[in-house]
Amino acid sequence: MTGVGRLRKAYWWALDYGYAAAWQVRSLLPGPKPEEFLDGEQAPVVILPGVYESWKFMLPLVRELHANGHPVHIVPGLGRNRVPVIEGANMLGSYLQRENLTNVALVAHSKGGLIAKHLLAFGDAAARVRIVITISTPFGGSRYATYLLNRSLRALAPTSETMVSLARAVEANAKIVSIFPSFDPHIPEGSFLAGAKNVKLPTGGHFRVLGDPAARAEVLKSTS
């Protein structure tokens, strides 16, 4: 790696953590309620944040999707997404069935995309989903997770049972749009997913790609 390459990645890394810290703080502050985004004439959208993220971490996207006429739903009980992927997928499926949602677009960040794919591959409510749009999702896991003590993060290791089963579920990939940066400091394996529509952006960062204009434009195009 050249010195310029190292400097660019260090710069992206610093911006990424600055973005994440700012939105973690904002998500703790009083703000809009989920029910404020439930009206709209377009196809419904369900938001799936990443691990340790509340739905407010994705609030700019929620606002844009709602402004474009989509009713935007939040899965009750998912909270900051510390539950196992399988449990999160069960919560999602139950919500889709309870609310009788069809023609749904799932918009997910990071681990949220694994929950979405698990529903597509193994969930009873899979037929209710038209498309899944993921941002910075570790479809092949992250080798960094292997060395973490936290169970919520260690479950994202490539060799974990859940990650192996998801990797084998290739049929589900056709419904997925995977958006990811050129450099993701948390996912050295990247987010390319065979059989999916892959959108690689010329930027870096695991979190700040959520605010990237090209990423948000792709989300809006894919949900329309």
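The portion of the accessible surface of the range 42-168 made up by carbon and sulfur, rounded to a whole percent, is 52 (1.4 Å probe; DNA, RNA and ligands excluded).
Across the range 1-107, Cα pairs under 8 Å and at least six residues apart give a relative contact order of 29 percent.
Averaging Cα coordinates gives a centre for the range 85-156 and one for the range 177-224; these two points are 16 Å apart.
Helices meeting the span-like rule in the chain (full DSSP H runs, Cα extent of at least 18 Å along the helix axis, mean Kyte-Doolittle score of -0.5 or higher): 3-28, 85-98. With the highest mean first, a sort of the peptides 56-63, 182-189 on other beta-carbon atoms found within 10 angstrom per residue produces 56-63, 182-189.
Would you mind getting the accessible area per residue of the chain, heavy atoms of the protein chains only, 1.4 Å probe, in Å²?
Value returned for the chain: 47 Å² of accessible area per residue.
The simple spin-label model puts a point 7 Å past each Cα toward its Cβ; for Phe192 and Gln97 those points are separated by 3.8 nm.
The values are calculated or read from the model by the stated rules, or taken from the named source; none is laboratory data. Here the structure is a predicted model, which means the values were calculated and not measured. Ideal geometry is used to build each Cβ from the backbone, glycine not excepted, and the neighbour counts take in all protein chains shown. When the accessible area is computed, the model is the full protein with side chains, heavy atoms only, and any ligands, DNA or RNA have been set aside. Shrake-Rupley method; radii C 1.70, N 1.55, O 1.52, S 1.80 Å.
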